[in-house]
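Input: a single structure, listed below in structure tokens.
The values are calculated or read from the model by the stated rules, or taken from the named source; none is laboratory data. Being a predicted model, the structure only gives us computed values, none of them experimental. Here the Cβ positions follow ideal geometry from the backbone for every residue, glycine too, while neighbour counts run over all protein chains shown.
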Amino acid sequence: MSSENGPTPPSERIVALDALRGVALLGILVVNVRVFSMPGSVLTNPTIYGDLTGANYWAWFVGHVFAEQKFITVFTFLFGGSVLLFIRSAEKSGRSALRLYGRRSGWLVVFGLGHAYLLWYGDILVAYGLCAFGVVFLRDYTPRRLVLFGVGLLAFPSVVEILAGLTLDPSAIASTWQPPETALRTEVETYRSGWGDQMGHRIPTAFQRQTTGFLGYTVWRVGGSMLLGMALFKWGVLTNDRPPRFYRRLIGFGAASGLAVILAGVWYVQASDWGIGTALFWRQFNYWGSVPLAVAYVGMVMWYCQRRPDGVLTRSLAAVGRTAFSNYILQTVLATSIFYGHGLGLFGQTTRVEALGIVVAIWAVQIPLSVLWLRYFRFGPMEWLWRVLTYETRQPLRVSRSDG
């Protein structure tokens, strides 16, 4: 099927970009599994629940330093790049690019609402869909202006939190930093219960994330990262158009600067024994350090794909990336079936090391399944449905001989 009548066919896709999306999608689960398996407040303060000594400490440490906010930032960079890809493709077809784009973003919000309220409150699709309506109007900005605007958006919630930390009485955030034992116990009991019983926690939590949480934090972080992704796309970084030397430098600078800031944050909060006075400050280290480290991850994947463009690992990761929407939902279905009461009911019972083992097990399902699926189908099931609703015409699903 020609891209003039619909979405980009597999033969015209950028393999390295798909592989990067696959890496990001798989990496996101390393952090999301903490919220799937434990009370959500562990992302703010990991000392409140579960063992944090020995191997479990190192499981947290590695996840915090190398995964938390890094892979979701890469994923958001890619979404920003996809804004430009979609608009350019739609304009070439002679159709109304913004009308198609509006339908595409609107349906993403709808899918996200279903995901958040029916399956898991930690959904990111609603935020992506809403932010997409805004960033598209900056698509013609130069990369430099996109970076300036992106950093400005990123800075807003950080500045607010720092000012709050300097002026607020620490007791004002005590319930967030150290939730009452009864609240933690109630959350554990809720998610060990059936699907219907979980709604009492899922609905208000999802609503808070999509209202005050969105306006106070998410819109700035997601919108800013999307603009950075648009700049990286225009510079040819995400499309693997830069030479190997460029990507090696990107890896070196991003990893050195990002890790230095993140590790300083770990030292800072541990030196204060996780005191409440550090609550709003220590988050800033990872908040900012994750951006250059995410850029380093981009460099790593691009550099590897240049060296092994047809390698098994490249093609496997690209398959996950091409079906990222479906795999994102599948991660939720598998994880909630393992941890929630309508499944195995392991919520609050697994250690951090065991949770990482479950992550690897889910990867072991998703990677071969993605490769196998794309042998017979052009898109993942969710990607296909999204395209049908966006273009308002049935898209061919099965692979044909004309596909690359």
Of all residues in the stretch 213-224 being in contact (Cβ under 8 Å) with a residue 24 or more places away in the chain and among the small types (Gly, Ala, Ser), the one that is surrounded by the most Cβ atoms within 10 Å (Cβ to Cβ)
Gly224
Out of all the residues in the stretch 131-140, which are out of contact with any Phe, Trp or Tyr (no Cβ under 7 Å at 6 or more places or on another chain) and in contact (Cβ under 8 Å) with a residue 12 or more places away in the chain?
Cys131, Ala132, Phe133, Gly134, Val135, Arg139
May I ask you to say which residue of Trp373, Trp386 is hydrophobic (A, V, I, L, M, F, W, C) and either closer than 28 Å to Arg202 by Cα or not in a helix (DSSP H, G or I) (or both)?
Trp386
From the set of residues in the stretch 118-167 that are modelled with pLDDT of 95 or more and among the acidic types (Asp, Glu), which is surrounded by the most Cβ atoms within 10 Å (Cβ to Cβ)?
Asp123
Is there a residue in the stretch 316-332 that is in contact with a Lys or Arg (Cβ under 7 Å, 6 or more places away or on another chain), among the small types (Gly, Ala, Ser), closer than 13 Å to Phe36 by Cα and in contact (Cβ under 8 Å) with a residue 24 or more places away in the chain?
no
Select, from Val110, Val126, the only residue that is assigned to a helix (DSSP H, G or I), closer than 18 Å to Thr211 by Cβ and free of Cβ contacts under 8 Å to residues at least 40 places away in the same chain.
Val110
Look through the stretch 357-404, keep the residues that are within 27 Å of the chain's Cα centre (by Cα) and of a type in the set (D, E, K, R), and return whichever of them is farthest from Arg99 (Cα to Cα).
Arg375
Is at least one residue of the stretch 82-90 within 30 Å of Ala264 (Cβ to Cβ), hydroxyl-bearing (Ser, Thr, Tyr) and in a helix (DSSP H, G or I)?
no
Quick one: is Asp18 outside any helix (DSSP H, G or I) and at pLDDT 95 or above?
no
For the stretch 346-356, how many residues meet the condition of being of a type outside the set (Val, Ile, Thr), in a helix (DSSP H, G or I) and more than 19 Å from the chain's Cα centre (by Cα)?
2
Could you run through the stretch 133-148 and say how many residues are over 21 Å from the mean Cα position of the chain (by Cα), of a type in the set (Phe, Trp, Tyr) and part of a helix (DSSP H, G or I)?
1
In a loop (DSSP other than H, G, I, E, B), at pLDDT 95 or above and at negative phi: is that true of Asp51 in this structure?
yes
Out of Val371, Val359, Val353, sole residue that is touching a helix residue (DSSP H, G or I) at 6+ places or on another chain (Cβ under 7 Å) and surrounded by 19 or more Cβ atoms within 10 Å (Cβ to Cβ)
Val359
From Arg99, Arg104, grab the single residue that is more than 21 Å from Ala335 (Cβ to Cβ), in a helix (DSSP H, G or I), within 22 Å of the chain's Cα centre (by Cα) and basic (Lys, Arg).
Arg104
Taking the stretch 389-404 as the search range and keeping residues that are part of a loop (DSSP other than H, G, I, E, B) and among the hydroxyl-bearing types (Ser, Thr, Tyr), which one is modelled with the highest pLDDT?
Thr393
Matching residues in the stretch 79-94 - criterion: being more than 20 Å from the chain's Cα centre (by Cα) and either among the charged types (D, E, K, R) or surrounded by fewer than 21 Cβ atoms within 10 Å (Cβ to Cβ) (or both)
Ile87, Arg88, Ser89, Glu91, Lys92, Ser93, Gly94
